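Input: a single structure, listed below in structure tokens.
Values quoted throughout were computed directly from the atomic coordinates according to the rules given, and no laboratory measurement underlies them. What you see is a predicted model, and the numbers here were worked out from it, not measured in a lab. Counting neighbours? That spans all protein chains shown, and the Cβs are built from the backbone with ideal geometry, glycine included.
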Amino acid sequence: MFDEEVGMQRAEIQVVLVPVSDADRAKAFYADALGWHVDHDRVVDPQLRFVQITPPGSACSIAFGPGISPMAPGSLDAVMLVVDDADAALAELRAAGVEAEGVDEQAWGRFVTFRDPDGNRWTLQQLPQR
């Protein structure tokens, strides 16, 4: 679909590649600790495994595994997810055994940060009231 105002087709982010060193450890973290849904886990060939996981309510997934990304494990910095309640998100992360920091108050939202086992940093944002 073409948007006449900006002159380009509508585009949605589908997948963010997450560089990890151990796909099984990452899968356990995202699926078991965070409760995200495992969409796919396929070994394509000996050098390529595709694990796709989606956060609850998100239209965008993450993917990782050997052969997926040339980025160094742990180099992803600050992918941002919107949450309804930063305090509740922080409490849920800590209850799951995830080290998390927050809640950081800013004019543009309330923020919680955490890292996966490889050090990839995630930020959760509670949007300000409008």
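So here's what we get for this one:
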| read-out | value |
| --- | --- |
| Residue match in the range 32-54 (condition: in contact (Cβ under 8 Å) with a residue 12 or more places away in the chain, assigned to a helix (DSSP H, G or I) and on the phi < 0 side of the Ramachandran plot) | yes |
| Test: residue in the range 10-17 that is in a loop (DSSP other than H, G, I, E, B), touching a residue at least 24 places away in the same chain (Cβ under 8 Å) and among the acidic types (Asp, Glu) | yes |
| Of all residues making up the range 76-130, the number that are under 12 Å from the mean Cα position of the chain (by Cα), assigned to a strand (DSSP E or B) and of a type outside the set (A, V, I, L, M) | 7 |
| Test: residue in the range 41-54 that is over 12 Å from the mean Cα position of the chain (by Cα), under 17 Å from VAL18 (Cβ atoms), surrounded by fewer than 15 Cβ atoms within 10 Å (Cβ to Cβ) and of a type in the set (Lys, Arg) | yes |
| Subset of the range 55-68 (residues that are buried (at least 17 other Cβ atoms within 10 Å of the Cβ), in a loop (DSSP other than H, G, I, E, B) and among the small types (Gly, Ala, Ser)) | GLY65 |
